[in-house]
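Trainee: Below is one structure. I have some questions about it.
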Amino acid sequence: MKVEKAKQSMEQGKISIEEISNDPGYSDASNFIKVSKKISGITPSEFKTKQKENT
């Protein structure tokens, strides 16, 4: 659920990957990236790149 919320924030340009990684439950940016890739199949950077290509 946190990953989906993070994706929504990134879509809206509200928050960076580093800011998301400060959320309780993620020990650091690397941990968030690993969890995100496991759940979504892509890294947050790949997600942001795809969002930019679609706009």
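Trainee: If I go through the range 6-34 residue by residue, how many of them are surrounded by 17 or more Cβ atoms within 10 Å (Cβ to Cβ) and of a type outside the set (D, E, K, R)?
Mentor: The qualifying residues number 8.
For (1) assigned to a helix (DSSP H, G or I); (2) within 11 Å of the chain's Cα centre (by Cα); (3) at pLDDT 80 or above; (4) of a type in the set (D, E, K, R), each residue gets a yes or a no:
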{"residue": "S9", "(1), (2), (3), (4)": "yes, yes, no, no"}
{"residue": "I15", "(1), (2), (3), (4)": "no, yes, no, no"}
{"residue": "E19", "(1), (2), (3), (4)": "yes, yes, yes, yes"}
{"residue": "Y26", "(1), (2), (3), (4)": "no, no, no, no"}
{"residue": "K34", "(1), (2), (3), (4)": "yes, yes, yes, yes"}
{"residue": "S45", "(1), (2), (3), (4)": "yes, yes, yes, no"}
{"residue": "K48", "(1), (2), (3), (4)": "yes, yes, yes, yes"}
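Trainee: Turning to a different aspect of this structure: In the range 31-51, which residues are without any contact (Cβ under 8 Å) to a residue 24 or more places away in the chain and of a type in the set (A, V, I, L, M, F, W, C)?
Mentor: Residues satisfying the conditions are I33, I42.
Trainee: K52: modelled with pLDDT under 85, exposed (fewer than 10 other Cβ atoms within 10 Å of the Cβ) and of a type in the set (K, R), yes or no?
Mentor: Considered against the rule, which asks whether it is modelled with pLDDT under 85, exposed (fewer than 10 other Cβ atoms within 10 Å of the Cβ) and of a type in the set (K, R), K52 comes out as yes.
Trainee: Something else: Are there any pairs, at least 6 apart or on different chains, whose C-beta atoms fall under 9 Å, with the first in the range 1-30 and among the aromatic types (F, W, Y) and the second surrounded by 12 or more Cβ atoms within 10 Å (Cβ to Cβ) and in a helix (DSSP H, G or I), and if so, which?
Mentor: The qualifying pairs are Y26/K2; Y26/I20; Y26/F32; Y26/V35.
The values are calculated or read from the model by the stated rules, or taken from the named source; none is laboratory data. Source: prediction; values computed, not measured. Glycine also receives a Cβ, built like all others from the backbone with ideal geometry; neighbour counts cover every protein chain displayed.
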